[in-house]
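Only the coordinates and a few stated rules stand behind these numbers; no lab work does. Small disclaimer: the values here were computed from a predicted structure and weren't measured. With ideal geometry, Cβ positions are generated from the backbone for all residues, glycine too; neighbour counts draw on all protein chains shown.
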Amino acid sequence: MIATMIESVANLPCMILATITLLISLLFLHYYTKHNKVVLWNLPLVGLLPEVFFNFHGLQNKVTQLLEEKKGTFFLKGALLAQSDILITSDPANVHHIMSSNFSNYVKGSNWRKRFDIFGDDSIFNADSQVWQHNRKIARGFFSHHQFHQLLNKIVQDTMAKGLIPVLDYIVSGQSLVVDLQDLFKRLMFDFASLIVFGSNPNFLSIGFPENVFTKALDEACEATCARHFVPDSFWRLQRWLVIGKERKLSESWKTIDRFCADHIAIKRKKLATNEDGFDVLNCYLTGHEITGPTPTDKIIRDNITAAFLAIGSTTTSTLSWFFWLVSKNPLVEIKIRQEVDKNLPENKVCPMQEELSKLVYLHAALCETLRLFPPVPSQLRVPIQTDSLPSGDHVNENTNVMISLYAMARMVSVWGEDCCEFKPERWITEDGRIKHEPAHKFFSFNAGPRICIGKDIAFTMMKGVVATMMRNYNVRVVESHPVVPNLSTVFSMKHGLMATVTNRWN
Ligand code: HEM
């Protein structure tokens, strides 16, 4: 602690100078780009920082355009204040090389862990090598366990019956028919994640819309840790030291997350003492279940609980929100989903079962298409341990940050064809009416190689359950005038939510 303070004080003049320079440059460039409608980057001193802050969406599109021009890969020289060069790629061959064939040479690395420190060095999300392998084994063991599979259907049904349907029924029966869908999905997915992690439904999605400090803290942590990637380390360290800006919010989030996890660990210990049993993540950890092995420290449990909520809740909330927005822009897709849902779901059944959901091929395709265009994790960063040559012919070394842009990859003609920017579920369906499987290094939304997402099928089951339930029973209309803007965050969310009207389909 004292050593950190001394280090911070010693760096203080440097940090202040960096901050002042940065602020002046940002203000000047904001004025310049606004009036000249151009995208500026590779600027001396500040690199692409101004664009990140003032034109994030424009920047994503500019990166896409450049990647298309440069055949899928280019170098961005590090700004003077930044730490290293970045190689940006959307070339599936590079993705395959980095994530699969030369996996052992590419790590998340210590810079990643510094910036995502709130999620804990030992969590599956942050760790590399043996620590990651250990966590992965536990996560795989849990999610592929027969007890979990028996429970999943019940969990999906529970969240629909106790949360989604009563709340939507309340909304359609009331004065105000407008709801923020993103907020609604966040609540629903928190309940879903809680059932998996703690074995209980907190009913965060319920009439009255209770406040949830944990999801707010998680959102703020995602924003603050993402922002750290675009500024020199000295900048956010200074902010943290002064307890200002996003760093102030981050330190508050940190306390909230710690408290939330500690409370749940204590509650679970009490339940276990009275022999209450169940199959959930926390139960396995605390009882030293064969899946998790000997009970680890509370800190390690806290890190993995937080990672689980991020993995389960934030990703599915993002996908469902973008899905309803895309469908609202493509009424023909909505008609086709409706037809499929009506054909395959029994008439008076509000919550579909897993077997029924597996018949919804067109809906599955529409969700894949959403995940392609709006991947919840829009970019991946890796650092090579040793010098390497990529299939694109580019050379990288241990000072190169390699960034894979999923957002750009979806919009590359060379990867997805001339219609790449269109929302076309049909591209996911084979001639004989099955789901077309694209290789993970091309459809990269669930990651690829040894670190591929473990919860893909679980996510589809839940998301299909939600959409089928909603489309079968309600009319959902996105409010056209509502501004839909992507948020600058680790997970691709909507800055102002997604307002929609909901009415009963059968009245
Ligand atoms: C639409 C939903 C989802 C998407 C798009 C998604 C995407 C991803 C991505 C991109 C990663 C890699 C993250 C990284 O390495 O930085 C990942 C990892 C992971 N996901 Fe998912 N995920 C989703 C839902 C889920 C669900 C529902 C679960 C659990 C039930 C889950 C469990 C995991 C786990 C455990 C990992 C860590 C894998 C590892 O590092 O070895 N995910 N996911």
Original post:
Per the Kirkwood treatment, what hydrodynamic radius in Å, one decimal, follows for segment 256-307 from the mean inverse distance over all distinct Cα pairs?
Top reply: 11.1 Å
Original post:
So how far, in whole Å, is the C-alpha centre of segment 234-272 from the one of segment 191-226?
Top reply: 14 Å
Original post:
Is segment 287-411 best put as rounded, prolate or oblate by its Cα gyration tensor, with a ≥ b ≥ c the root eigenvalues, rounded for a/c under 1.5, and otherwise prolate when a/b is larger than b/c, oblate when not?
Top reply: oblate
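Find the relative contact order for segment 257-366 and round it to a whole percent, using C-alpha pairs within less than 8 Å whose residues are 6+ positions apart.
Worked out over segment 257-366, it gives 17 percent.
What is the gain in length, in nm to one decimal, between K299 and V178 on full extension, counting 0.36 nm per residue of separation less the C-alpha to C-alpha distance? Intermediate results must be reported in sequence, preceding the final value.
On the way: separation 121, 0.36 × 121 = 43.56 nm, distance 4.09 nm.
That pair, K299 and V178, stretches by 39.5 nm at full extension.
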Original post:
Given the pairs K270/K299; K154/K456; K108/K442; K70/K456; K186/K424, which span a C-alpha to C-alpha distance of over 22 angstrom in this model?
Top reply: K70/K456; K186/K424
Original post:
What FRET efficiency, computed as 1/(1 + (r/R0)^6) with R0 = 35 Å and r the Cβ-Cβ distance, is obtained for I207 and K270, rounded to the nearest 0.05?
Top reply: 0.75
Subject >> Dipole in debye (nearest 20) - the chain, about Cα centre, beta carbon charges: Lys, Arg +1; Asp, Glu -1 >> reply: 360 debye
Subject >> Ranked packing of 395-401, 303-309, most packed first, by mean Cβ within 10 Å >> reply: 303-309, 395-401
**OP:** Quick one: which residues, 5+ away or cross-chain, put their amide H under 5 Å from the amide H of T490? H built at 1.01 Å from N.
**Re:** E223, C226
Subject >> Computed FRET value (nearest 0.05) for S414 with Q339, which takes r as the C-beta separation and R₀ as 22 Å >> reply: 0.05
**OP:** Go through segment 158-164 residue by residue and turn each phi into a ³J(HN,Hα) via Karplus (6.51, -1.76, 1.60, θ = phi - 60°); whole Hz please, and just put x for glycine and proline.
**Re:** 4, 5, 6, 5, 9, x, 4
**OP:** Please list, or write none, the aspartates and glutamates whose alpha carbon is within less than 12 Å of the alpha carbon of K343, excluding same-chain residues fewer than 8 places away.
**Re:** E356
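How would you classify segment 81-130 from its alpha-carbon gyration tensor, with a ≥ b ≥ c the square roots of the eigenvalues: rounded for a/c under 1.5, else prolate if a/b is greater than b/c, otherwise oblate? Please report the intermediate quantities before stating the final value.
Working: a/c = 2.52, a/b = 1.31, b/c = 1.93.
Oblate, since a/c reaches 1.5 and b/c is not below a/b.
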Original post:
Under the Kirkwood approximation applied to all pairs of distinct alpha-carbon atoms, what is the hydrodynamic radius of the chain in Å?
Top reply: 24.1 Å
Subject >> Average Cα contact separation per residue, the chain, under 8 Å, 6 or more apart, as relative contact order % >> reply: 21 percent
Original post:
Between segment 354-392 and segment 465-483, what's the alpha-carbon centroid distance in Å?
Top reply: 24 Å
Subject >> Anisotropy class of segment 175-327 from Cα gyration tensor, a/c 1.5 cut >> reply: oblate
Subject >> Relative contact order %, segment 134-265, counting alpha carbon pairs below 8 Å whose residues are six or more apart >> reply: 20 percent
Original post:
If r is the Cβ-Cβ distance from E431 to K456 and R0 is 30 Å, what FRET efficiency results, to the nearest 0.05?
Top reply: 0.80
